[in-house]
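One structure below.
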């Protein structure tokens, strides 16, 4: 049984160049990257694209604030939420009852920590202060570092509070002494910001910085050692795993300069049916260690100090990190539709759940559940510990590029999985689309009941039961309406320039005998472009054409003189997109060609269509210019003067040259200064020969390259 859900969101065509008409196109969804273009609701997407029921996602509390910047949980399971932009702290009980805990009157509560005595420490920015809040919600300023930002708080092993700040990149250590607080500078870095903090079991602080992307281990004496130097700018979050591993989330843009994420914008969810090209090479995926274009990355630093990148992305921005309680990886909250991913130490990635928030700003563990803080708007979610009883997945919309007849749909699944489809003629599904129609028939296949349309979408519903519901592949068959081919350009070459085919690519005769498409072996289906050659009287044309169905095209070429009524077919069913006409076989005159593209190779006669295009008029001129000598040469002052007249019947004159006594050809201008008409007069002068006879030859060229000449003799 195939175990991965390969959703390739491109149409795969089953026919070869000689296939019969009406062979269906298949839309097979089986790559994880493209599954993520759909809309999961209550389903998870596994490392291989498998869809399963997701952990239950419960909206626990809405703060009414735009942003959740920080969260922390106390020993009793109460969750404290720091928000922006009114600087409020909320408390949510284990039963899910939420209320305002403290209003600090600041702009943002950027960090929260729970002290040894269950007191709540809340840090604000900008112009940061640290507040201590008692169980009744009464807040007092506990520490004021006189720094613009406070980014993170961590409770150290001795109960003191570590305070990470910016824009001067300092860490302060604050000890309680009754109502008072004794603060000292614990570590002064050369970084702009200390963004993130975590305490390890050995009493060290783990710190992430901006703008050099460092992960530091700061011992109890305040001495720092760099564990990691990331090429990304900021280490936004650090966390210590169960086995002592350190996880670090690095991002390319600093939170100190970034604008908070806006509400999620729906991304394009339409895929276009295109004929699969066997010659197309798959785009190589970049190594996760190549962070040259990465927006975020997750590192794992082992207890030995060795580090590895377990995840990176050039499109997703991570905002929060939480080690899996049992070890072996992390949860990652992102701005990608508020999705939470689970990343294993072995670099396997799973979309665990989609919240729909603008971003998942915070993640924390409270008992056996994961608590997520979403922004835009500030909502607290609870994940698990059980899974949902039912979830759905809506595929991206398929654009068949024309109205299509839908065939069968089939899928690979286990457990209780049902499929529905709907269709329409607008790119975004809406009120003008049909209702969802269930697939009736076999348990894993059936006829699509949605009416013919340009667009189609399917929806899977997974329900709990035994065995557990899982969907691994969906394939949909359709036949798009045929669209006439189009000749997009038709260009003529200069006269006497012909086109000749280049030698064909040699193909292993075994390939041809097998009937297989040579493109599978990297041999292109298209012949190499023609070469240009000199050919007297040639009239050559090239054209480009396209077929929206991806059909193989053949061409018919027609010719007529502009004064005639009907075209004459001069070529039929050629595969080349060029032609050379022997103009010497035609009478002088002005002509047109018409090229007709046909898709009849892959369509039955009743279904085949064609498109055509006319050329610009072109001239055929096979007649030489007539050159004559007018009158007798005249001699004066030792100079001889000869007058020539040239006439071209079908075109116009472009150039004249003279040779005296068999010498080199010299350019001669028409009497009016330009050689550009069908009738021109030329005057040639030369010195009178000392004795004997001198010969002057004038040759004239017309626009078709024909040459005419005449000779004059000069006697002293």
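Here is a list: 583, 537. Which entry is in contact with a strand residue (DSSP E or B) (Cβ under 9 Å, 6 or more places away or on another chain), surrounded by 14 or more Cβ atoms within 10 Å (Cβ to Cβ) and at positive phi?
Unique residue meeting the criteria: 537.
Quick one: is residue 634 assigned to a strand (DSSP E or B), in the same structural domain as residue 678 (by TED's automatic domain parsing) and free of Cβ contacts under 8 Å to residues at least 12 places away in the same chain?
So residue 634 passes the test.
Mind checking which residues of region 370-400 are crowded, with 18+ Cβ neighbours inside 10 Å and either on the phi > 0 side of the Ramachandran plot or at pLDDT below 90 (or both)?
376
Quick one: would you say residue 477 is in contact (Cβ under 8 Å) with a residue 60 or more places away in the chain and surrounded by 11 or more Cβ atoms within 10 Å (Cβ to Cβ)?
Yes.
Which of the residues that make up region 200-238 are surrounded by 16 or more Cβ atoms within 10 Å (Cβ to Cβ) and touching a residue at least 60 places away in the same chain (Cβ under 8 Å)?
If the condition is that a residue be surrounded by 16 or more Cβ atoms within 10 Å (Cβ to Cβ) and touching a residue at least 60 places away in the same chain (Cβ under 8 Å), then 215, 227, 228, 230, 232, 236, 237, 238 are the ones that fit.
Against the definition (in a strand (DSSP E or B) and either within 22 Å of residue 709 (Cβ to Cβ) or modelled with pLDDT of 95 or more (or both)), how does residue 643 come out, yes or no?
yes
Give 686, 675 a once-over and let me know the one that is touching a strand residue (DSSP E or B) at 6+ places or on another chain (Cβ under 8 Å), outside any strand (DSSP E or B) and surrounded by 13 or more Cβ atoms within 10 Å (Cβ to Cβ).
Being touching a strand residue (DSSP E or B) at 6+ places or on another chain (Cβ under 8 Å), outside any strand (DSSP E or B) and surrounded by 13 or more Cβ atoms within 10 Å (Cβ to Cβ) holds for just one of 686, 675, which is 675.
If you go through region 503-530, how many residues are surrounded by 11 or more Cβ atoms within 10 Å (Cβ to Cβ), within 19 Å of residue 576 (Cβ to Cβ) and modelled with pLDDT of 80 or more?
So the answer is 4.
So in region 547-574, with the set limited to residues that are assigned to a loop (DSSP other than H, G, I, E, B) and surrounded by 13 or more Cβ atoms within 10 Å (Cβ to Cβ), which one is farthest from the chain's Cα centre (by Cα)?
My answer is 567.
Run residue 489 past the list (1) part of a strand (DSSP E or B); (2) surrounded by 14 or more Cβ atoms within 10 Å (Cβ to Cβ) and report the number of the one that doesn't hold.
For residue 489, the failing item is (2).
Looking only at region 24-45, filter to residues that are over 16 Å from residue 336 (Cβ atoms) and surrounded by fewer than 22 Cβ atoms within 10 Å (Cβ to Cβ); which one of those is modelled with the highest pLDDT?
42
Does residue 433 satisfy being buried (at least 16 other Cβ atoms within 10 Å of the Cβ) and part of a loop (DSSP other than H, G, I, E, B)?
So residue 433 fits the description; yes.
Could you tell me which residue of region 105-129 is modelled with the highest pLDDT, considering only residues that are surrounded by 14 or more Cβ atoms within 10 Å (Cβ to Cβ) and over 45 Å from the mean Cα position of the chain (by Cα)?
Across region 105-129, the extreme among qualifying residues is 120.
What's the number of the condition residue 348 fails, among (1) touching a residue at least 40 places away in the same chain (Cβ under 8 Å); (2) touching a strand residue (DSSP E or B) at 6+ places or on another chain (Cβ under 7 Å)?
The one condition residue 348 does not meet is (2).
Looking at region 375-399 only, could you name the residues that are touching a strand residue (DSSP E or B) at 6+ places or on another chain (Cβ under 6 Å) and closer than 22 Å to residue 237 by Cα?
The answer is 375, 378, 379, 380, 381, 382, 383.
Between a first residue in region 31-50 that is on the phi > 0 side of the Ramachandran plot and a second residue that is in a loop (DSSP other than H, G, I, E, B), which pairs have beta carbons less than 8 Å apart while being 6 or more apart in sequence or on different chains?
42/54; 42/388; 49/4; 49/5; 49/6; 49/7; 49/30; 49/31
From the list 167, 144, 191, which one is farther than 28 Å from residue 365 by Cβ and touching a strand residue (DSSP E or B) at 6+ places or on another chain (Cβ under 6 Å)?
Being farther than 28 Å from residue 365 by Cβ and touching a strand residue (DSSP E or B) at 6+ places or on another chain (Cβ under 6 Å) holds for just one of 167, 144, 191, which is 191.
Quick one: count up the residues across region 292-335 that are surrounded by fewer than 21 Cβ atoms within 10 Å (Cβ to Cβ) and outside any strand (DSSP E or B).
Qualifying residue count for the region: 17.
Outside any strand (DSSP E or B), loosely packed, with under 15 Cβ neighbours inside 10 Å, modelled with pLDDT of 90 or more and on the phi < 0 side of the Ramachandran plot - does that describe any residue in region 692-712?
No, region 692-712 contains no residue that is outside any strand (DSSP E or B), loosely packed, with under 15 Cβ neighbours inside 10 Å, modelled with pLDDT of 90 or more and on the phi < 0 side of the Ramachandran plot.
The values are calculated or read from the model by the stated rules, or taken from the named source; none is laboratory data. Note that the structure is a prediction, hence the values are computed from the model and not measured. Note that each Cβ is placed from the backbone with ideal geometry, even for glycine, and that neighbours are counted across all protein chains shown.
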